[in-house]
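Trainee: I am attaching a structure below and will ask some questions about it afterwards.
The values are calculated or read from the model by the stated rules, or taken from the named source; none is laboratory data. On a predicted model such as this, the values are computed, not experimentally measured, just so you know. As a convention, Cβ positions derive from the backbone with ideal geometry for all residues, glycine included, and neighbour counts pool all protein chains shown.
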Ligand code: ARG
């Protein structure tokens with residue numbers, strides 16, 4: 001009898017596979033970060049932004065951003081800072097406009113997305129041009145008229161060290177976009193339908209830490225989604241409601257070597273991570289939380305070759 005999880009796995013991908021049959025991938029070691037010079041809350045496109053319009057303190061935002069940058073550098077990642085653009089206050093969340101890719105034969109490239117909200121659409125060509133200047137091949141799977149939406153690594157992420165994609169949909173990225181990404185890359189994707197509008201991107205409720213470990217907030221997912229998560233991960237660290245919704249604990253970033261950069265004010269999550277052997281550093285992101293984002297979406301991990 002085919003298990004329940006096996007049926008779901010085939011939803012976006014014809015093949016049924018085990019995690020250890022998927023090709024190995026290196027950890028990305030390059031980081032793109034967009035300077036927060038023009039970061040602000042000027043409109044409301046998620047519930048966290050309500051009542052926050054005009055409240056951003058620019059100096060504090062710079063301090064928080066700079067600390068995150070220095071932490072990635074201290075951990076051996078190569079950070080590429082790029083300038084912000086006036087009139088694009090959310091560009092600082094540079095996880096959202098694209099999905100960096102890596103393939104054993106083809107090497108590194110970047111797939112461009114399509115933002116669901118009009119206010120953020122002009123961010124995509126800007127990031128595209130940043131990568132084109134770096135000499136990375138850029139794929140446009142969706143044209144500017146696209147009615148599919150794909151918010152880059154905010155919703156679609158690589159399984160650590162394996163050629164497998166995890167894809168959140170429901171609020172920003174559309175399901176049809178996931179099918180197109182699978183078709184284009186030839187890489188299977190596991191789809192997770194998001195259930196809570198406050199957790200509108202996959203990276204607000206799901207953070208993969210290494211090949212066998214994920215931390216997540218289970219109520220953000222359907223029963224089917226949780227079956228899939230349980231099927232693929234040996235260890236699931238559950239984040240509680242307060243630390244997920246108020247501290248954005250799931251919007252952390254794991255890098256090679258079992259290191260995790262965690263948004264501050266999440267002591268219970270921190271203790272669970274440390275008990276599992278992770279080295280945890282905390283960063284304050286209060287200014288960016290006003291816009292519904294934190295560490296994970298303030299940077300884009302990519303491969304250089
Ligand atoms: N204000 C931005 C938006 O709503 C925040 C994006 C945060 N990004 C993320 N991947 N969670 O689009």
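Trainee: Out of all the residues in segment 30-75, which are in a helix (DSSP H, G or I), touching a strand residue (DSSP E or B) at 6+ places or on another chain (Cβ under 9 Å) and touching a residue at least 12 places away in the same chain (Cβ under 8 Å)?
Mentor: 64, 65, 67, 68, 69, 71, 72
Trainee: Which residue pairs have Cβ atoms under 6 Å apart, sit 6 or more places apart or on different chains, and have a first residue in segment 104-115 that is assigned to a strand (DSSP E or B) and a second that is within 16 Å of the ligand (Cβ to nearest atom)?
Mentor: The qualifying pairs are 110/98; 110/100; 111/99; 112/98; 112/124; 114/149; 114/150.
Trainee: I'd like the residue in segment 46-69 that is within 20 Å of the chain's Cα centre (by Cα) and surrounded by fewer than 17 Cβ atoms within 10 Å (Cβ to Cβ) and, out of all such residues, is farthest from residue 264 (Cα to Cα).
Mentor: Here the answer is 47.
Trainee: If you go through segment 84-103 one residue at a time, do you hit one that is over 18 Å from the mean Cα position of the chain (by Cα), farther than 22 Å from residue 139 by Cβ and away from the ligand (no atom under 16 Å from the Cβ)?
Mentor: There is at least one residue in segment 84-103 that is over 18 Å from the mean Cα position of the chain (by Cα), farther than 22 Å from residue 139 by Cβ and away from the ligand (no atom under 16 Å from the Cβ).
Trainee: I would also like to ask the following. What's the total number of residues in segment 265-305 that are under 17 Å from residue 242 (Cα atoms), within 16 Å of the ligand (Cβ to nearest atom) and part of a helix (DSSP H, G or I)?
Mentor: 2
Trainee: As an exercise: evaluate residue 256 against (1) surrounded by 17 or more Cβ atoms within 10 Å (Cβ to Cβ); (2) at pLDDT below 95 and give the number of the one condition it does not meet.
Mentor: (1) is the only condition that residue 256 fails.
Trainee: Looking at the structure I just gave you, is residue 105 out of contact with any strand residue (DSSP E or B) (no Cβ under 6 Å at 6 or more places or on another chain), loosely packed, with under 13 Cβ neighbours inside 10 Å and farther than 22 Å from residue 305 by Cβ?
Mentor: No, not satisfied.
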